[in-house]
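Written below as structure tokens is the structure these notes are about.
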Amino acid sequence: MKKIFSLAILILLNISCSKAQETSFSKEALSFQLTSLEDTKISFKEIIKKHKGKKVVLELWATWCGDCVKNIPNVKTLEANNPNVDFVFLSFDKTAEAWKEGIKKYDLKGDHYLVGETMKGVFGKAVNLDWIPRYIVLNEKGEIILYRAIETDNDKVEALLKQEISK
């Protein structure tokens, strides 16, 4: 019985781990409309296309998230250490005002977009969001090279950004 239970646990872990590192975004994610700082709508696909040719760190965050705020110095260090990488912040703030105030308050550099819904909304589900802050790293072709990293993975993200990526 213990062997069967152990095997079942192993299979479940294998399934969950295989979903942990997606290699492409779903149609739902790509077509999702976010709001720019200029209050215009832009699809997630267009945001990715805008940064093609550069490595990109997508930072999913919110000003109400204590772990996100605590992680800001780490994000700033990643930015400083990787000037050739584009940083794109996708906020799950509840209001545009809170989002824009947070960008100013924390002096965040990079591209900024408001998701406009909760983490459990359409976009959050489309990117398998279960925690923020979360990083998603894209290579120069706009392909996912790291799908799920959290604030404790800063060293992993840093090392990945330093690698020459050829896919």
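The values are calculated or read from the model by the stated rules, or taken from the named source; none is laboratory data. Small disclaimer: the values here were computed from a predicted structure and weren't measured. Positions of Cβ are backbone-derived with ideal geometry, glycine not excepted, and every protein chain shown enters the neighbour counts. Protein only, heavy atoms only, side chains kept; ligands, DNA and RNA dropped before computing areas. Shrake-Rupley method; radii C 1.70, N 1.55, O 1.52, S 1.80 Å.
Among the residues of the stretch 139-152, is any open to solvent by less than 50 Å² (accessible area, probe 1.4 Å), assigned to a helix (DSSP H, G or I) and not aromatic (Phe, Trp, Tyr)? I'd like the intermediate steps shown before the answer.
Taking the stretch 139-152 as the starting set, the residues that turn out to be open to solvent by less than 50 Å² (accessible area, probe 1.4 Å) are 139, 142, 144-147, 149, 151.
Right, trim to assigned to a helix (DSSP H, G or I) and you get 151.
With the extra rule that they be not aromatic (Phe, Trp, Tyr), the set shrinks to 151.
Within the stretch 139-152, one or more residues are open to solvent by less than 50 Å² (accessible area, probe 1.4 Å), assigned to a helix (DSSP H, G or I) and not aromatic (Phe, Trp, Tyr).
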Answer residue from the stretch 32-45, given it is more than 17 Å from Ile144 (Cβ to Cβ) and not in a strand (DSSP E or B) and is most open to solvent (accessible area, probe 1.4 Å) among those: Glu38
Out of (1) in contact with a strand residue (DSSP E or B) (Cβ under 8 Å, 6 or more places away or on another chain); (2) part of a loop (DSSP other than H, G, I, E, B); (3) open to solvent by less than 70 Å² (accessible area, probe 1.4 Å), the one Val88 does not meet is (2)
Taking the stretch 91-111 and keeping residues open to solvent by less than 10 Å² (accessible area, probe 1.4 Å) and not in a helix (DSSP H, G or I) leaves Ser91, Phe92, Asp93
Which ones in the stretch 118-138 are surrounded by 15 or more Cβ atoms within 10 Å (Cβ to Cβ), free of Cβ contacts under 8 Å to residues at least 60 places away in the same chain and outside any helix (DSSP H, G or I)? Met119
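Within the stretch 48-69, take every residue that is part of a helix (DSSP H, G or I) and either in contact with a Leu (Cβ under 7 Å, 6 or more places away or on another chain) or farther than 14 Å from Leu108 by Cβ (or both) and give me the one that is least open to solvent (accessible area, probe 1.4 Å). Break it down stepwise before answering.
The first filter runs over the stretch 48-69 and keeps only residues part of a helix (DSSP H, G or I), leaving 48-50, 66-69.
From what is left, the residues that are either in contact with a Leu (Cβ under 7 Å, 6 or more places away or on another chain) or farther than 14 Å from Leu108 by Cβ (or both) are 48-50, 66-67.
Values: Ile48: 24, Lys49: 155, Lys50: 119, Gly66: 44, Asp67: 47 Å².
Among those residues, the one meeting the criterion is Ile48.
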With the first residue restricted to the stretch 56-83 and required to be under 21 Å from Tyr147 (Cα atoms), and the second required to be of a type in the set (Lys, Arg), Cβ contacts under 7 Å at 6 or more apart or on different chains are Leu60/Arg134; Glu79/Lys109
Condition met for Ile144 (β-branched (Val, Ile, Thr) and closer than 18 Å to Ser43 by Cβ): yes
